[in-house]
Amino acid sequence: MLDWFFPKSKTIELYSGINFYSDSDSNIETLFLNHINTAKPHYNYVFTHFIELFTPFYKMVKNQMDCKILAVDHMSRPVDGFSLKKKIKRKLKYFIYKEYVDKVIAVSQYIKKENISDYGSGLKSKVEVIYNGIDAKLYHNSSQFKSTELSKFKFIVVSHLVYEKGIQDLILAISKVEEKTQKNITIDIYGEGIYKSELIDLVTTLKLEDVFSFKGSVDNLYELYDKYDFMIQPTYMEAFSLSILESLFSNVPVITTTVGGNVEIIKNGINGFLFEPKNIEELKEILTGVCDNKLALKKSNTYEETRSKYTLDMMVNNYLKLLQ
């Protein structure tokens, strides 16, 4: 039996064999606790996603049933780290509730390191890294990026449109690129979010409407990556980016920041280029170098390595090992 609990969700046809539970009036913790209090199910394993670690929720679940709790941590940390007050609160919660979480699954080495830093070396034995995986069959294999003088360089951005994703830095970087180079650049931005209007206003103010196009959310991104020369992800924080993986699975290199799990999959000058977050000048130099054919990637087998290491099958197998 597999039950899946979501906040404000609906049954997904692809997973119709699974029991779905959702409630628009309750958060996910309350929804689950209400269910186990009323339905009295027996679960051998409870996996949590996008829920804070080491809270009273885990104690309540353990008090209701004899199960193993595996908490998956996808949450990136602020670039400047947590405040001292928050650090103390998190450590205190860890000491109170650590016995109720059997395993913490980090989605990158970065998240594992941050957890040990947050909670102390005593957590080491409980943390295991399992990378997110994707279905390789969905992604077309693009030829390496174009580099003819007459062709326009096409860049794709796939992101929630929020300040922390740094897209405003990309817009500012493009505004600093020489006009003759700028004319050979198109950037399509896929995604929605609360910062969208500010980004559009910035594009308009800087008269970059011929460069940037806001495409909204689409269902067939996996069909689109190979139409582009590079993905750009100027984010300030990242746990482990599925968008970067999707781009690499399509053999499309990535320009991104040196934050979080990005440096675990992007090798500078090999399958993409890395720059410091918020460094607009550095991003401008990379874009100029790429578009003026002065900055090229070294030939490597990273495409094959990526498609073998980060597959959906491998991720599932690694989770199943935890159940043995």
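At-a-glance table
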item	result
Scan of the range 301-324 for residues that are part of a loop (DSSP other than H, G, I, E, B), open to solvent by 60 Å² or more (accessible area, probe 1.4 Å) and closer than 24 Å to residue 274 by Cβ, ordered by number	301
Residues located in the range 38-57, provided they are aromatic (Phe, Trp, Tyr) and either surrounded by 16 or more Cβ atoms within 10 Å (Cβ to Cβ) or not in a loop (DSSP other than H, G, I, E, B) (or both)	43, 45, 47, 54, 57
Flag if residue 136 is more than 16 Å from the chain's Cα centre (by Cα), modelled with pLDDT of 90 or more and among the small types (Gly, Ala, Ser)	no
In the range 253-272, residue surrounded by the fewest Cβ atoms within 10 Å (Cβ to Cβ) [restricted to those that are hydrophobic (A, V, I, L, M, F, W, C) and under 22 Å from residue 315 (Cα atoms)]	263
Exclusive hit being closer than 19 Å to residue 58 by Cα and assigned to a helix (DSSP H, G or I), set 98, 180	98
Selection count, the range 74-87, where residues are out of contact with any His (no Cβ under 9 Å at 6 or more places or on another chain) and surrounded by 12 or more Cβ atoms within 10 Å (Cβ to Cβ)	8
Conditions (1) open to solvent by less than 40 Å² (accessible area, probe 1.4 Å); (2) part of a helix (DSSP H, G or I); (3) more than 25 Å from residue 136 (Cα to Cα); number of the one not met by residue 245	(3)
Lone qualifier among 236, 225 - being farther than 25 Å from residue 78 by Cβ, touching a strand residue (DSSP E or B) at 6+ places or on another chain (Cβ under 9 Å) and of a type outside the set (Gly, Ala, Ser)	225
Residue count for the range 176-213, restricted to those that are open to solvent by less than 70 Å² (accessible area, probe 1.4 Å) and in contact (Cβ under 8 Å) with a residue 40 or more places away in the chain	7
In the range 259-288, residue farthest from residue 179 (Cα to Cα) [restricted to those that are more than 14 Å from the chain's Cα centre (by Cα) and in a loop (DSSP other than H, G, I, E, B)]	267
The range 276-299, subset open to solvent by less than 50 Å² (accessible area, probe 1.4 Å) and touching a strand residue (DSSP E or B) at 6+ places or on another chain (Cβ under 6 Å), residue nearest to residue 153 (Cα to Cα)	291
Single residue of the range 35-58 satisfying the filter (farther than 23 Å from residue 107 by Cα and among the aliphatic types (A, V, I, L, M)) that is nearest to the chain's Cα centre (by Cα)	36
Filter result for residue 96 (aliphatic (A, V, I, L, M) and touching a strand residue (DSSP E or B) at 6+ places or on another chain (Cβ under 7 Å))	no
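To keep it simple, each residue is scored yes or no on (1) without any contact (Cβ under 8 Å) to a residue 12 or more places away in the chain; (2) over 20 Å from residue 320 (Cβ atoms); (3) under 23 Å from the mean Cα position of the chain (by Cα); (4) open to solvent by 90 Å² or more (accessible area, probe 1.4 Å).
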{"residue": "5", "(1), (2), (3), (4)": "no, yes, yes, no"}
{"residue": "31", "(1), (2), (3), (4)": "no, yes, no, no"}
{"residue": "60", "(1), (2), (3), (4)": "no, yes, no, yes"}
{"residue": "63", "(1), (2), (3), (4)": "yes, yes, no, yes"}
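The values are calculated or read from the model by the stated rules, or taken from the named source; none is laboratory data. What you see is a predicted model; the values in this text were computed from it and never measured. Heads up, the Cβs are rebuilt from the backbone with ideal geometry, glycines too, and the neighbour counts pull from every protein chain shown. We work out accessible area using only protein heavy atoms, side chains counted, and drop any ligands, DNA or RNA first. Shrake-Rupley method; radii C 1.70, N 1.55, O 1.52, S 1.80 Å.
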